[in-house]
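Taking it in order: structure first as C-alpha coordinates, then the write-up.
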Amino acid sequence: MHSGQFAILKNKAASPDCETVELKNGWWLSRHKKVPVLHNRDTGVLLIGYVWQTLEGRPSPGEAILRITDTEELLRQEESWCGRYVLIMNDKVYTDASGLFGVFCCEKGVSSDLSALRQELDLKKSSWTPDDIMRWYPGPDTPYAGISRLLPSQVYDLDSGEISFRNILAASVPVYEDREALTEAFISQFCTSLQNLEKEFEGRKLLLALTGGYDSRTLLALSVRSGIDFECYTLEHDNMPLGDIEYPPKICGITGSRYCYYSREQGRYSKEREEQYLEHLQWMQREQDRTFYAYDQYQELVRKFGPVVLLRSGVWEIAQEYDRRAVGEKADVEDVLNYYELPLKSEEADAFRNYFKWCSEHPLPLTDTNRYFWEQRCGSWIAESEHGFDIYGDIISLQPVNCRMLITMLLQFPKEERMVKQHQAVITQSICPGLKDIPYGKNENYTRSRLRKMKNALNKACRRVKRIGIRRTVALYGRILSDRRITARSGSGRSERN
(Lines give C-alpha, C1' and ligand atoms only; values in the text may rest on other atoms or scores of the structure.)
Protein backbone atom coordinates (compact mmCIF):
# COMPACT_ATOMS: atom_id res chain seq x y z
CA MET A 1 0.00 0.00 0.00
CA HIS A 2 2.89 2.39 0.73
CA SER A 3 4.89 1.47 -2.37
CA GLY A 4 6.46 4.47 -4.09
CA GLN A 5 5.43 6.97 -1.40
CA PHE A 6 7.17 9.49 0.86
CA ALA A 7 6.43 11.41 4.05
CA ILE A 8 8.07 14.37 5.79
CA LEU A 9 7.29 14.20 9.49
CA LYS A 10 8.95 14.88 12.83
CA ASN A 11 9.58 11.16 13.27
CA LYS A 12 11.18 8.41 11.17
CA ALA A 13 9.13 5.74 9.44
CA ALA A 14 9.56 2.26 10.89
CA SER A 15 8.90 0.32 7.67
CA PRO A 16 11.79 -1.90 6.46
CA ASP A 17 11.04 -0.76 2.87
CA CYS A 18 11.71 2.88 3.79
CA GLU A 19 14.89 4.92 3.89
CA THR A 20 15.17 8.08 5.99
CA VAL A 21 17.00 11.38 5.53
CA GLU A 22 17.38 14.00 8.24
CA LEU A 23 16.29 17.46 7.09
CA LYS A 24 16.41 20.86 8.79
CA ASN A 25 14.31 22.00 11.76
CA GLY A 26 13.71 18.50 13.09
CA TRP A 27 12.02 17.13 9.96
CA TRP A 28 12.68 13.65 8.61
CA LEU A 29 12.10 12.43 5.08
CA SER A 30 10.95 8.82 4.95
CA ARG A 31 10.62 7.41 1.46
CA HIS A 32 9.96 4.03 -0.05
CA LYS A 33 13.19 2.67 -1.51
CA LYS A 34 11.94 2.92 -5.13
CA VAL A 35 11.35 6.71 -4.92
CA PRO A 36 14.21 8.78 -6.42
CA VAL A 37 15.49 11.55 -4.12
CA LEU A 38 18.12 14.24 -4.57
CA HIS A 39 19.13 16.29 -1.53
CA ASN A 40 21.50 19.26 -1.45
CA ARG A 41 22.48 19.39 2.21
CA ASP A 42 24.13 22.80 1.89
CA THR A 43 21.01 24.58 0.62
CA GLY A 44 18.45 22.15 2.03
CA VAL A 45 16.83 21.76 -1.41
CA LEU A 46 15.10 18.43 -1.86
CA LEU A 47 13.79 16.89 -5.09
CA ILE A 48 11.56 13.81 -4.89
CA GLY A 49 10.32 11.85 -7.89
CA TYR A 50 10.81 11.63 -11.66
CA VAL A 51 11.89 14.79 -13.51
CA TRP A 52 13.78 15.95 -16.60
CA GLN A 53 14.58 19.13 -18.54
CA THR A 54 12.57 20.22 -21.60
CA LEU A 55 14.83 23.03 -22.92
CA GLU A 56 17.99 22.55 -24.94
CA GLY A 57 21.09 24.00 -23.27
CA ARG A 58 19.58 24.13 -19.78
CA PRO A 59 21.06 22.05 -16.94
CA SER A 60 19.12 19.01 -15.84
CA PRO A 61 17.03 19.44 -12.69
CA GLY A 62 19.56 17.39 -10.74
CA GLU A 63 22.47 19.54 -11.92
CA ALA A 64 20.53 22.71 -11.14
CA ILE A 65 19.81 21.62 -7.57
CA LEU A 66 23.45 20.78 -6.92
CA ARG A 67 24.79 24.02 -8.46
CA ILE A 68 22.29 26.81 -7.80
CA THR A 69 22.33 28.61 -4.46
CA ASP A 70 19.69 31.21 -5.43
CA THR A 71 16.35 29.52 -4.78
CA GLU A 72 14.43 32.17 -6.73
CA GLU A 73 16.50 31.34 -9.79
CA LEU A 74 15.78 27.65 -9.20
CA LEU A 75 12.04 28.37 -9.27
CA ARG A 76 12.44 30.20 -12.57
CA GLN A 77 14.31 27.24 -14.03
CA GLU A 78 11.69 24.83 -12.70
CA GLU A 79 9.21 26.24 -15.23
CA SER A 80 10.91 24.14 -17.91
CA TRP A 81 11.01 20.92 -15.88
CA CYS A 82 8.72 18.04 -16.76
CA GLY A 83 7.70 14.96 -14.83
CA ARG A 84 6.08 13.83 -11.62
CA TYR A 85 7.92 15.27 -8.66
CA VAL A 86 7.89 17.37 -5.50
CA LEU A 87 10.33 20.23 -4.87
CA ILE A 88 11.10 21.38 -1.33
CA MET A 89 13.23 24.41 -0.51
CA ASN A 90 13.26 26.96 2.29
CA ASP A 91 10.91 24.55 4.08
CA LYS A 92 8.26 25.17 1.39
CA VAL A 93 6.65 22.37 -0.63
CA TYR A 94 6.00 22.85 -4.36
CA THR A 95 4.22 20.40 -6.67
CA ASP A 96 5.09 19.62 -10.27
CA ALA A 97 3.14 21.52 -12.94
CA SER A 98 -0.13 19.65 -12.41
CA GLY A 99 0.43 18.14 -8.97
CA LEU A 100 0.74 14.62 -10.35
CA PHE A 101 2.93 13.49 -7.43
CA GLY A 102 0.06 14.16 -5.06
CA VAL A 103 0.88 15.78 -1.73
CA PHE A 104 -1.35 15.77 1.35
CA CYS A 105 -0.80 18.15 4.29
CA CYS A 106 -1.70 18.26 7.96
CA GLU A 107 -0.30 19.80 11.14
CA LYS A 108 2.07 16.82 11.48
CA GLY A 109 3.71 17.28 8.06
CA VAL A 110 3.19 16.22 4.43
CA SER A 111 3.02 12.94 2.54
CA SER A 112 2.08 11.51 -0.83
CA ASP A 113 0.50 8.69 1.17
CA LEU A 114 -2.84 9.71 2.68
CA SER A 115 -2.83 6.66 4.95
CA ALA A 116 0.42 7.85 6.57
CA LEU A 117 -1.22 11.10 7.68
CA ARG A 118 -4.34 9.26 8.80
CA GLN A 119 -2.15 7.20 11.09
CA GLU A 120 -0.36 10.31 12.39
CA LEU A 121 -3.71 11.89 13.31
CA ASP A 122 -5.22 8.58 14.46
CA LEU A 123 -8.23 8.93 12.14
CA LYS A 124 -10.61 6.14 11.19
CA LYS A 125 -11.18 5.26 7.55
CA SER A 126 -13.74 7.50 5.88
CA SER A 127 -16.97 6.02 4.53
CA TRP A 128 -16.70 8.15 1.36
CA THR A 129 -16.12 6.22 -1.84
CA PRO A 130 -16.06 7.36 -5.50
CA ASP A 131 -18.64 6.14 -8.00
CA ASP A 132 -18.98 6.05 -11.79
CA ILE A 133 -20.04 9.73 -11.94
CA MET A 134 -18.07 11.51 -9.19
CA ARG A 135 -14.88 9.52 -9.60
CA TRP A 136 -12.54 11.48 -7.31
CA TYR A 137 -12.64 13.58 -4.16
CA PRO A 138 -12.48 17.29 -5.07
CA GLY A 139 -9.32 18.97 -3.79
CA PRO A 140 -8.06 20.69 -1.77
CA ASP A 141 -10.36 18.91 0.70
CA THR A 142 -10.15 15.26 1.65
CA PRO A 143 -12.64 13.08 3.54
CA TYR A 144 -10.52 13.64 6.67
CA ALA A 145 -10.70 16.63 8.98
CA GLY A 146 -7.31 18.30 9.27
CA ILE A 147 -5.86 16.77 6.07
CA SER A 148 -5.89 18.64 2.76
CA ARG A 149 -4.52 18.02 -0.72
CA LEU A 150 -1.96 20.50 -2.04
CA LEU A 151 -3.22 22.01 -5.30
CA PRO A 152 -0.82 23.06 -8.08
CA SER A 153 -1.50 26.73 -7.24
CA GLN A 154 -0.66 26.18 -3.57
CA VAL A 155 2.63 26.17 -1.66
CA TYR A 156 2.80 24.61 1.80
CA ASP A 157 5.12 25.89 4.54
CA LEU A 158 6.31 22.98 6.65
CA ASP A 159 7.14 25.03 9.73
CA SER A 160 4.13 27.36 9.88
CA GLY A 161 1.58 25.04 8.28
CA GLU A 162 0.40 27.94 6.13
CA ILE A 163 -0.62 27.68 2.48
CA SER A 164 0.29 30.43 0.03
CA PHE A 165 -0.51 31.07 -3.63
CA ARG A 166 1.65 30.26 -6.65
CA ASN A 167 1.06 31.23 -10.28
CA ILE A 168 0.94 27.94 -12.17
CA LEU A 169 1.55 29.55 -15.57
CA ALA A 170 5.13 29.93 -16.80
CA ALA A 171 6.28 33.55 -16.74
CA SER A 172 9.20 32.96 -19.12
CA VAL A 173 7.19 31.85 -22.18
CA PRO A 174 7.27 34.50 -24.95
CA VAL A 175 4.14 35.55 -26.84
CA TYR A 176 4.53 34.11 -30.32
CA GLU A 177 3.78 36.20 -33.41
CA ASP A 178 1.58 33.64 -35.15
CA ARG A 179 0.35 30.08 -34.94
CA GLU A 180 3.10 28.76 -37.20
CA ALA A 181 5.86 30.14 -34.96
CA LEU A 182 4.06 28.82 -31.87
CA THR A 183 3.64 25.37 -33.43
CA GLU A 184 7.30 25.15 -34.42
CA ALA A 185 8.48 26.28 -30.99
CA PHE A 186 6.20 23.79 -29.22
CA ILE A 187 7.31 20.87 -31.41
CA SER A 188 10.98 21.76 -30.93
CA GLN A 189 10.78 22.00 -27.14
CA PHE A 190 8.62 18.88 -26.83
CA CYS A 191 11.04 16.83 -28.91
CA THR A 192 13.98 18.02 -26.80
CA SER A 193 11.97 17.00 -23.75
CA LEU A 194 11.34 13.50 -25.08
CA GLN A 195 15.00 13.05 -25.95
CA ASN A 196 15.98 14.08 -22.41
CA LEU A 197 13.33 11.76 -20.98
CA GLU A 198 14.84 8.85 -22.91
CA LYS A 199 18.30 9.63 -21.48
CA GLU A 200 16.92 9.97 -17.95
CA PHE A 201 15.28 6.55 -18.09
CA GLU A 202 17.94 4.67 -20.00
CA GLY A 203 17.54 0.94 -19.53
CA ARG A 204 13.74 1.06 -19.43
CA LYS A 205 11.52 0.39 -22.42
CA LEU A 206 9.40 3.39 -23.45
CA LEU A 207 5.80 2.39 -24.22
CA LEU A 208 3.22 4.84 -25.52
CA ALA A 209 -0.42 4.28 -24.53
CA LEU A 210 -2.34 4.77 -27.81
CA THR A 211 -6.08 5.29 -28.33
CA GLY A 212 -8.08 6.62 -31.26
CA GLY A 213 -8.21 10.14 -29.81
CA TYR A 214 -6.30 13.37 -30.25
CA ASP A 215 -4.04 13.40 -27.21
CA SER A 216 -2.16 10.13 -27.63
CA ARG A 217 -1.97 10.65 -31.40
CA THR A 218 -0.31 14.03 -30.84
CA LEU A 219 2.14 12.43 -28.43
CA LEU A 220 2.83 9.68 -30.98
CA ALA A 221 3.61 12.17 -33.74
CA LEU A 222 5.95 14.12 -31.45
CA SER A 223 7.66 10.89 -30.37
CA VAL A 224 8.23 9.97 -34.02
CA ARG A 225 9.70 13.42 -34.73
CA SER A 226 11.97 13.25 -31.66
CA GLY A 227 13.58 10.00 -32.81
CA ILE A 228 13.22 8.22 -29.46
CA ASP A 229 12.95 4.43 -29.37
CA PHE A 230 9.42 3.47 -28.30
CA GLU A 231 6.56 1.10 -28.99
CA CYS A 232 2.80 1.63 -28.78
CA TYR A 233 0.22 -0.45 -26.98
CA THR A 234 -3.49 -0.56 -26.21
CA LEU A 235 -4.99 -2.47 -23.29
CA GLU A 236 -8.46 -3.90 -23.83
CA HIS A 237 -11.10 -2.88 -21.29
CA ASP A 238 -14.85 -3.06 -20.94
CA ASN A 239 -16.99 -0.69 -23.09
CA MET A 240 -14.06 0.39 -25.22
CA PRO A 241 -14.82 3.09 -27.81
CA LEU A 242 -14.72 1.56 -31.27
CA GLY A 243 -12.10 4.09 -32.37
CA ASP A 244 -9.70 2.87 -29.70
CA ILE A 245 -9.84 -0.58 -31.30
CA GLU A 246 -9.89 0.30 -34.99
CA TYR A 247 -7.56 3.27 -35.35
CA PRO A 248 -4.33 2.59 -33.36
CA PRO A 249 -3.01 -0.15 -35.69
CA LYS A 250 -3.79 2.04 -38.73
CA ILE A 251 -2.02 5.01 -37.12
CA CYS A 252 1.06 2.92 -36.36
CA GLY A 253 1.02 1.50 -39.86
CA ILE A 254 1.37 5.01 -41.28
CA THR A 255 4.03 6.18 -38.80
CA GLY A 256 5.99 2.90 -38.91
CA SER A 257 5.63 2.49 -35.14
CA ARG A 258 5.60 -0.92 -33.47
CA TYR A 259 2.21 -1.71 -31.93
CA CYS A 260 0.54 -4.39 -29.83
CA TYR A 261 -3.05 -4.82 -28.61
CA TYR A 262 -3.33 -6.64 -25.28
CA SER A 263 -6.61 -8.51 -24.82
CA ARG A 264 -8.30 -8.88 -21.47
CA GLU A 265 -8.63 -12.45 -20.21
CA GLN A 266 -11.83 -12.54 -18.16
CA GLY A 267 -10.69 -15.52 -16.12
CA ARG A 268 -7.77 -13.55 -14.66
CA TYR A 269 -9.94 -11.04 -12.78
CA SER A 270 -9.22 -10.81 -9.05
CA LYS A 271 -11.57 -8.97 -6.71
CA GLU A 272 -8.83 -9.05 -4.10
CA ARG A 273 -6.43 -7.24 -6.44
CA GLU A 274 -9.02 -4.58 -7.22
CA GLU A 275 -9.58 -3.96 -3.50
CA GLN A 276 -5.82 -3.85 -2.96
CA TYR A 277 -5.51 -1.18 -5.65
CA LEU A 278 -8.31 0.94 -4.15
CA GLU A 279 -6.73 0.61 -0.72
CA HIS A 280 -3.44 1.82 -2.21
CA LEU A 281 -5.34 4.95 -3.36
CA GLN A 282 -7.20 5.16 -0.05
CA TRP A 283 -10.41 5.12 -2.14
CA MET A 284 -9.76 8.68 -3.38
CA GLN A 285 -10.45 7.81 -7.03
CA ARG A 286 -12.16 5.15 -9.16
CA GLU A 287 -10.99 4.71 -12.75
CA GLN A 288 -10.16 2.10 -15.40
CA ASP A 289 -6.63 1.57 -14.10
CA ARG A 290 -8.01 -0.33 -11.13
CA THR A 291 -9.42 -2.95 -13.54
CA PHE A 292 -6.10 -3.23 -15.41
CA TYR A 293 -4.53 -4.12 -12.07
CA ALA A 294 -7.36 -6.52 -11.21
CA TYR A 295 -6.86 -8.33 -14.54
CA ASP A 296 -3.06 -8.21 -14.24
CA GLN A 297 -2.79 -6.57 -17.67
CA TYR A 298 0.07 -4.14 -17.12
CA GLN A 299 2.24 -6.97 -15.89
CA GLU A 300 2.03 -8.38 -19.43
CA LEU A 301 4.14 -5.40 -20.53
CA VAL A 302 6.73 -6.09 -17.84
CA ARG A 303 6.87 -9.79 -18.69
CA LYS A 304 7.55 -8.88 -22.31
CA PHE A 305 9.91 -5.90 -21.95
CA GLY A 306 11.21 -5.86 -18.38
CA PRO A 307 11.16 -2.45 -16.56
CA VAL A 308 9.05 0.02 -18.56
CA VAL A 309 8.13 3.70 -18.69
CA LEU A 310 4.57 4.36 -19.84
CA LEU A 311 4.01 7.58 -21.79
CA ARG A 312 0.44 8.71 -21.14
CA SER A 313 -1.67 11.61 -22.33
CA GLY A 314 -4.09 12.84 -19.68
CA VAL A 315 -2.87 16.41 -19.20
CA TRP A 316 -3.47 17.82 -22.70
CA GLU A 317 -7.09 18.68 -21.88
CA ILE A 318 -5.98 21.60 -19.68
CA ALA A 319 -5.89 23.66 -22.88
CA GLN A 320 -9.13 22.35 -24.40
CA GLU A 321 -11.85 24.11 -22.34
CA TYR A 322 -12.64 20.48 -21.60
CA ASP A 323 -15.14 20.71 -18.73
CA ARG A 324 -17.17 23.61 -20.09
CA ARG A 325 -20.44 21.68 -19.62
CA ALA A 326 -19.75 21.66 -15.91
CA VAL A 327 -17.61 24.78 -15.53
CA GLY A 328 -18.02 27.75 -17.83
CA GLU A 329 -15.53 30.57 -18.20
CA LYS A 330 -16.89 31.70 -14.84
CA ALA A 331 -17.85 28.81 -12.58
CA ASP A 332 -21.19 28.38 -10.83
CA VAL A 333 -21.13 25.72 -8.12
CA GLU A 334 -24.66 24.51 -8.82
CA ASP A 335 -23.77 23.88 -12.48
CA VAL A 336 -20.85 21.72 -11.32
CA LEU A 337 -23.06 19.80 -8.90
CA ASN A 338 -25.68 19.28 -11.61
CA TYR A 339 -23.06 17.85 -13.96
CA TYR A 340 -21.87 15.33 -11.39
CA GLU A 341 -25.42 14.66 -10.16
CA LEU A 342 -24.54 15.62 -6.59
CA PRO A 343 -26.87 16.82 -3.81
CA LEU A 344 -26.63 20.54 -3.13
CA LYS A 345 -25.89 19.61 0.47
CA SER A 346 -23.10 17.02 0.49
CA GLU A 347 -19.43 16.82 1.40
CA GLU A 348 -18.52 16.94 -2.30
CA ALA A 349 -20.58 20.13 -2.64
CA ASP A 350 -18.72 21.66 0.32
CA ALA A 351 -15.40 20.59 -1.22
CA PHE A 352 -16.26 22.26 -4.53
CA ARG A 353 -17.33 25.44 -2.72
CA ASN A 354 -14.03 25.53 -0.86
CA TYR A 355 -12.13 25.03 -4.11
CA PHE A 356 -13.91 27.84 -5.97
CA LYS A 357 -13.49 30.09 -2.93
CA TRP A 358 -9.72 29.54 -3.19
CA CYS A 359 -9.89 30.35 -6.90
CA SER A 360 -11.84 33.59 -6.38
CA GLU A 361 -9.39 34.71 -3.68
CA HIS A 362 -6.36 33.80 -5.81
CA PRO A 363 -7.24 34.52 -9.47
CA LEU A 364 -5.20 33.41 -12.47
CA PRO A 365 -5.30 34.63 -16.10
CA LEU A 366 -7.18 31.45 -17.08
CA THR A 367 -10.79 30.60 -17.76
CA ASP A 368 -12.35 28.77 -14.82
CA THR A 369 -12.81 25.85 -17.24
CA ASN A 370 -9.11 25.38 -17.85
CA ARG A 371 -8.11 26.05 -14.26
CA TYR A 372 -10.66 23.49 -13.12
CA PHE A 373 -9.16 20.82 -15.35
CA TRP A 374 -5.64 21.82 -14.28
CA GLU A 375 -6.29 21.61 -10.54
CA GLN A 376 -9.22 19.20 -10.21
CA ARG A 377 -8.97 16.76 -13.11
CA CYS A 378 -5.16 16.74 -13.09
CA GLY A 379 -4.20 17.74 -9.55
CA SER A 380 -6.86 15.63 -7.82
CA TRP A 381 -8.03 12.98 -10.32
CA ILE A 382 -5.16 12.13 -12.70
CA ALA A 383 -2.78 12.49 -9.75
CA GLU A 384 -4.47 9.46 -8.21
CA SER A 385 -4.16 7.53 -11.49
CA GLU A 386 -0.42 8.23 -11.45
CA HIS A 387 -0.31 7.29 -7.76
CA GLY A 388 -1.88 3.97 -8.74
CA PHE A 389 1.18 3.01 -10.80
CA ASP A 390 3.34 3.20 -7.67
CA ILE A 391 1.88 -0.16 -6.68
CA TYR A 392 3.89 -1.80 -9.49
CA GLY A 393 7.54 -2.66 -9.03
CA ASP A 394 8.83 -2.20 -12.60
CA ILE A 395 6.41 0.36 -14.09
CA ILE A 396 6.77 4.14 -14.13
CA SER A 397 3.95 6.22 -15.59
CA LEU A 398 4.71 9.70 -16.97
CA GLN A 399 2.75 12.49 -18.65
CA PRO A 400 5.24 14.14 -21.07
CA VAL A 401 3.21 17.36 -21.43
CA ASN A 402 3.23 18.00 -17.66
CA CYS A 403 5.48 21.07 -17.82
CA ARG A 404 4.53 24.68 -17.03
CA MET A 405 6.15 26.02 -20.17
CA LEU A 406 4.55 23.45 -22.49
CA ILE A 407 1.08 23.93 -20.98
CA THR A 408 1.43 27.73 -21.15
CA MET A 409 2.41 27.45 -24.82
CA LEU A 410 -0.63 25.28 -25.58
CA LEU A 411 -2.89 27.92 -24.03
CA GLN A 412 -1.63 30.45 -26.60
CA PHE A 413 -3.37 28.63 -29.45
CA PRO A 414 -6.71 30.29 -30.40
CA LYS A 415 -9.53 29.26 -28.10
CA GLU A 416 -11.87 28.22 -30.91
CA GLU A 417 -9.18 25.81 -32.14
CA ARG A 418 -8.44 24.42 -28.70
CA MET A 419 -12.13 23.71 -28.05
CA VAL A 420 -12.25 21.28 -30.98
CA LYS A 421 -8.61 20.15 -30.59
CA GLN A 422 -7.65 21.60 -33.94
CA HIS A 423 -4.34 22.83 -32.50
CA GLN A 424 -3.40 19.21 -31.83
CA ALA A 425 -4.43 18.16 -35.31
CA VAL A 426 -2.16 20.92 -36.68
CA ILE A 427 0.79 19.65 -34.62
CA THR A 428 0.15 16.03 -35.59
CA GLN A 429 -0.34 16.62 -39.32
CA SER A 430 2.64 18.96 -39.60
CA ILE A 431 4.77 15.99 -38.50
CA CYS A 432 2.85 13.08 -40.04
CA PRO A 433 0.65 14.36 -42.90
CA GLY A 434 -0.60 10.86 -43.65
CA LEU A 435 -2.54 10.77 -40.37
CA LYS A 436 -5.01 13.29 -41.75
CA ASP A 437 -6.90 10.45 -43.46
CA ILE A 438 -7.56 8.53 -40.23
CA PRO A 439 -10.55 9.92 -38.28
CA TYR A 440 -10.46 10.52 -34.56
CA GLY A 441 -12.39 8.19 -32.29
CA LYS A 442 -15.25 9.41 -30.12
CA ASN A 443 -15.26 8.44 -26.45
CA GLU A 444 -19.03 7.82 -26.40
CA ASN A 445 -19.15 5.66 -29.52
CA TYR A 446 -19.32 2.26 -27.82
CA THR A 447 -21.84 0.96 -30.35
CA ARG A 448 -23.01 1.71 -33.88
CA SER A 449 -26.61 0.86 -32.99
CA ARG A 450 -28.73 4.04 -33.06
CA LEU A 451 -31.42 2.31 -31.02
CA ARG A 452 -28.89 1.41 -28.32
CA LYS A 453 -27.60 4.99 -28.27
CA MET A 454 -31.13 6.36 -27.86
CA LYS A 455 -31.83 3.88 -25.07
CA ASN A 456 -28.59 4.83 -23.27
CA ALA A 457 -29.43 8.54 -23.54
CA LEU A 458 -32.94 7.97 -22.17
CA ASN A 459 -31.62 5.91 -19.26
CA LYS A 460 -29.10 8.64 -18.46
CA ALA A 461 -31.81 11.32 -18.48
CA CYS A 462 -34.04 9.25 -16.17
CA ARG A 463 -31.13 8.66 -13.81
CA ARG A 464 -30.40 12.38 -13.67
CA VAL A 465 -34.02 13.28 -12.89
CA LYS A 466 -34.03 10.72 -10.10
CA ARG A 467 -30.77 11.98 -8.60
CA ILE A 468 -31.07 15.77 -8.90
CA GLY A 469 -34.71 16.50 -9.86
CA ILE A 470 -36.37 17.95 -12.94
CA ARG A 471 -35.30 21.60 -12.48
CA ARG A 472 -31.61 20.82 -12.17
CA THR A 473 -31.75 18.24 -14.97
CA VAL A 474 -33.34 20.80 -17.32
CA ALA A 475 -30.62 23.31 -16.39
CA LEU A 476 -27.93 20.69 -17.12
CA TYR A 477 -29.34 19.85 -20.55
CA GLY A 478 -29.58 23.56 -21.32
CA ARG A 479 -25.83 23.85 -20.79
CA ILE A 480 -25.19 20.72 -22.85
CA LEU A 481 -27.22 22.03 -25.81
CA SER A 482 -25.54 25.44 -25.55
CA ASP A 483 -22.11 23.81 -25.60
CA ARG A 484 -23.04 21.72 -28.65
CA ARG A 485 -23.98 24.89 -30.55
CA ILE A 486 -20.74 26.61 -29.56
CA THR A 487 -18.67 23.55 -30.48
CA ALA A 488 -20.46 23.26 -33.83
CA ARG A 489 -19.60 26.89 -34.63
CA SER A 490 -15.95 26.28 -33.68
CA GLY A 491 -15.91 23.13 -35.82
CA SER A 492 -17.41 25.05 -38.74
CA GLY A 493 -14.69 27.67 -38.45
CA ARG A 494 -12.10 24.90 -38.42
CA SER A 495 -13.50 23.45 -41.65
CA GLU A 496 -13.32 26.84 -43.33
CA ARG A 497 -9.67 27.27 -42.33
CA ASN A 498 -8.84 23.80 -43.62
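The values are calculated or read from the model by the stated rules, or taken from the named source; none is laboratory data. None of these values were measured; they are calculated from a predicted model. No Cβ is skipped: glycine too gets one built from the backbone with ideal geometry, and neighbour counts run over all protein chains shown.
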In this structure, is E375 within 21 Å of the chain's Cα centre (by Cα), acidic (D, E) and crowded, with 19+ Cβ neighbours inside 10 Å? yes
Can you go through K24, K34 and tell me which one is touching a Gly at 6+ places or on another chain (Cβ under 9 Å), over 18 Å from I88 (Cα atoms), among the basic types (K, R) and not assigned by TED's automatic domain parsing to the domain that holds M284? K34
Inspect the stretch 312-328 for any residue being among the basic types (K, R), assigned by TED's automatic domain parsing to the domain that holds G203 and more than 30 Å from R485 (Cβ to Cβ) and give the result as yes or no. yes
From I147, I133, which residue is more than 30 Å from W81 (Cβ to Cβ) and of a type in the set (V, I, T)? I133
Identity of the residue in the stretch 134-157, of a type in the set (A, V, I, L, M, F, W, C) and closer than 27 Å to N25 by Cβ, that ends up surrounded by the most Cβ atoms within 10 Å (Cβ to Cβ): L151
Taking the stretch 66-78 and keeping only residues that are more than 17 Å from Q154 (Cβ to Cβ) and either under 24 Å from the mean Cα position of the chain (by Cα) or of a type in the set (A, V, I, L, M) (or both), one is left with L66, I68, L74, R76, Q77
Quick check: anything in the stretch 36-48 small (G, A, S) and either surrounded by fewer than 20 Cβ atoms within 10 Å (Cβ to Cβ) or in a strand (DSSP E or B) (or both)? yes
I need the full set of residues from the stretch 430-450 which are modelled with pLDDT of 85 or more and exposed (fewer than 14 other Cβ atoms within 10 Å of the Cβ), in order please. P433, G434, K436, D437, P439
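This table checks each residue for (1) in contact with an Asp or Glu (Cβ under 7 Å, 6 or more places away or on another chain); (2) more than 26 Å from K436 (Cα to Cα); (3) exposed (fewer than 13 other Cβ atoms within 10 Å of the Cβ); (4) at pLDDT below 95.
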| site | (1), (2), (3), (4) |
| --- | --- |
| D244 | no, no, no, yes |
| Y247 | no, no, no, no |
| K250 | no, no, no, no |
| G253 | no, no, yes, no |
| G267 | no, yes, yes, yes |
| E275 | no, yes, no, no |
Working carefully through the options G83, G26, find the one that is more than 25 Å from the chain's Cα centre (by Cα) and not charged (D, E, K, R). G26
For the stretch 191-297, give me every one of the strands (runs of 3 or more DSSP E) that falls completely inside it and has 2 or more residues that are more than 20 Å from the chain's Cα centre (by Cα). 230-235, 259-262
Got a sec? Which of D131, D70, D91 is surrounded by fewer than 21 Cβ atoms within 10 Å (Cβ to Cβ), under 30 Å from A326 (Cβ atoms) and at pLDDT below 95? D131
